Amino acid sequence: SYVSLPRIAVLGLQSAGKSSLLESIVGFDFLPRGEGVVTRRPLELRLVHAVDVKDAYGVFEKYSSEKFKDFAKIRDKIVEYTNKDAGLKKSIINTPITLTIYSENCPDLSLVDLPGITKVPVRDSDQPANIEELTTNLALNYVRDPRTIILCCVQANIDLSTSDAIKIAKQIDPNGERTICALTKVDLIDSGSDILNILNNNEVVLKYGYVAVKNRSAQDIKDNISVAQGLEKEERFFSQDRYIDFKNRGLVGTKNLVNRLSLILSKNIQQSLPQII
């Protein structure tokens with residue numbers, strides 16, 4: 001509790017695609033879904049690339065030592081622990097849930113899924129009128145730590161200069177020294193639009209740049225498209241001629257985002273280690 005370790009905080013507006021992105025990174029369906037505010041407390045996600053683990057499993061260490069191999073049960077437990085501590089009326093709290101996932105397919109990463117920045121309180125809930133200030137301050141509390149890498153999750157079909165996630169990151173990291181941005185919902189861009197300038201890091205300059213991803217859509221999830229099938233669809237989408245150059249440069253696709261995050265985190269750990277010791 002006294003030592004802040006390097007990690008990645010996932011920052012974005014409510015419904016920016018954070019949950020889908022995290023599931024693509026982990027490789028499993030395990031996060032609660034629904035209308036309105038779903039992530040109501042931070043989820044500290046510790047991913048362990050365990051080559052000897054054939055059946056992936058998750059452990060909620062603060063709550064029990066039970067190993068959950070059924071990821072649908074992990075989802076249920078996240079809901080249960082959230083309701084237990086935050087109540088049933090959609091209120092948001094700062095106390096995190098820690099979940100460690102051991103899998104031969106996931107990368108070694110420490111990620112924090114933060115509640116989405118919410119503009120208006122949900123009807124018939126315990127959310128206060130200043131919900132935007134509350135969710136913004138909660139996010140700032142995490143990203144303020146200089147050892148934390150900020151992963152902004154921004155929809156590709158909005159104007160980058162108006163992004164609340166980028167705005168918050170810039171407050172804490174004005175020069176973009178420890179910020180990377182995942183552009184979600186790339187398939188929703190108008191056919192005449194172009195994300196060339198953004199991916200080339202020419203608009204809002206960030207040290208670690210931008211990676212475009214195509215997560216599973218709401219319809220994909222309704223159709224029971226698995227995370228693995230979603231990643232195959234993403235691979236085909238970015239194999240189109242218009243994206244092939246970006247693909248070759250590692251600027252599109254969840255796999256390239258994971259590689260970049262792993263590299264950033266390991267470099268960050270190397271730099272921080274003398275101070276941590």
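The values are calculated or read from the model by the stated rules, or taken from the named source; none is laboratory data. If you're wondering where the values come from, they're calculated on a predicted model, not measured in any experiment. Neighbour counts are summed over all protein chains in view; Cβ atoms, including those assigned to glycine, are modelled from backbone coordinates with ideal geometry. All accessible areas refer to the heavy atoms of the entire protein, side chains included, with ligands and DNA or RNA removed. Shrake-Rupley method; radii C 1.70, N 1.55, O 1.52, S 1.80 Å.
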Out of Arg242, Arg236, sole residue that is modelled with pLDDT of 90 or more and on the phi < 0 side of the Ramachandran plot: Arg236
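Being of a type outside the set (A, V, I, L, M, F, W, C), touching a strand residue (DSSP E or B) at 6+ places or on another chain (Cβ under 7 Å) and farther than 13 Å from Ala156 by Cα is the filter here, so list the residues in region 208-245 that pass it.
Narrowing region 208-245 to residues of a type outside the set (A, V, I, L, M, F, W, C): 208-210, 214-217, 219-220, 222-224, 226, 229-230, 232-236, 239-243, 245.
Add one more test, that the residue is touching a strand residue (DSSP E or B) at 6+ places or on another chain (Cβ under 7 Å), and what stays is 208-210, 215, 243.
Answer for region 208-245, where residues must be of a type outside the set (A, V, I, L, M, F, W, C), touching a strand residue (DSSP E or B) at 6+ places or on another chain (Cβ under 7 Å) and farther than 13 Å from Ala156 by Cα: Tyr208, Gly209, Tyr243.
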Any chance Ile8 is modelled with pLDDT of 85 or more and under 15 Å from the mean Cα position of the chain (by Cα): yes
Whichever residue in region 225-236 is within 21 Å of the chain's Cα centre (by Cα) and without any contact (Cβ under 8 Å) to a residue 60 or more places away in the chain and, among such residues, is least open to solvent (accessible area, probe 1.4 Å): Ile225
Subset of region 218-229 [farther than 14 Å from Asn105 by Cβ, at pLDDT 90 or above and assigned to a helix (DSSP H, G or I)]: Gln229
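Residues are listed down the side, and each one gets a yes or a no for (1) among the aromatic types (Phe, Trp, Tyr); (2) out of contact with any Phe, Trp or Tyr (no Cβ under 8 Å at 6 or more places or on another chain); (3) open to solvent by less than 20 Å² (accessible area, probe 1.4 Å):
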| site | (1), (2), (3) |
| --- | --- |
| Val10 | no, yes, yes |
| Ser20 | no, yes, yes |
| Phe30 | yes, no, yes |
| Glu44 | no, yes, no |
| Val51 | no, yes, no |
| Ala56 | no, no, yes |
Glu61 vs. criteria under 24 Å from Ile269 (Cα atoms), open to solvent by 40 Å² or more (accessible area, probe 1.4 Å) and either assigned to a loop (DSSP other than H, G, I, E, B) or hydrophobic (A, V, I, L, M, F, W, C) (or both): yes
Any hit, region 108-130, residues being in contact with a Leu (Cβ under 6 Å, 6 or more places away or on another chain), charged (D, E, K, R) and modelled with pLDDT of 70 or more: yes
Residue pairs meeting the criteria (Cβ under 7 Å; at least 6 apart or on separate chains; first touching a residue at least 40 places away in the same chain (Cβ under 8 Å), in region 51-62; second of a type in the set (Gly, Ala, Ser) and open to solvent by 100 Å² or more (accessible area, probe 1.4 Å)): Val59/Ser65
Search result, residues across region 245-268 that are open to solvent by 70 Å² or more (accessible area, probe 1.4 Å) and in a helix (DSSP H, G or I): Asp245, Asn248, Lys255, Asn259, Leu263, Lys267
Matching option when the condition is open to solvent by 80 Å² or more (accessible area, probe 1.4 Å), of a type outside the set (Phe, Trp, Tyr) and within 26 Å of Glu234 (Cα to Cα), among Asp159, Asp187: Asp159
Region 47-58, residues that are closer than 14 Å to Phe30 by Cα and part of a strand (DSSP E or B): Leu47, Tyr57, Gly58
Filter pass, Lys207 being part of a helix (DSSP H, G or I), touching a Gly at 6+ places or on another chain (Cβ under 8 Å) and surrounded by fewer than 19 Cβ atoms within 10 Å (Cβ to Cβ): no
Filter result (open to solvent by 10 Å² or more (accessible area, probe 1.4 Å) and hydrophobic (A, V, I, L, M, F, W, C)) within region 169-184: Ile172
Residues located in region 131-156, provided they are within 18 Å of Lys18 (Cα to Cα), surrounded by fewer than 17 Cβ atoms within 10 Å (Cβ to Cβ) and touching a Ser or Thr at 6+ places or on another chain (Cβ under 7 Å): Glu132
Yes/no for Lys214 being closer than 20 Å to Leu21 by Cβ and at pLDDT 90 or above: yes
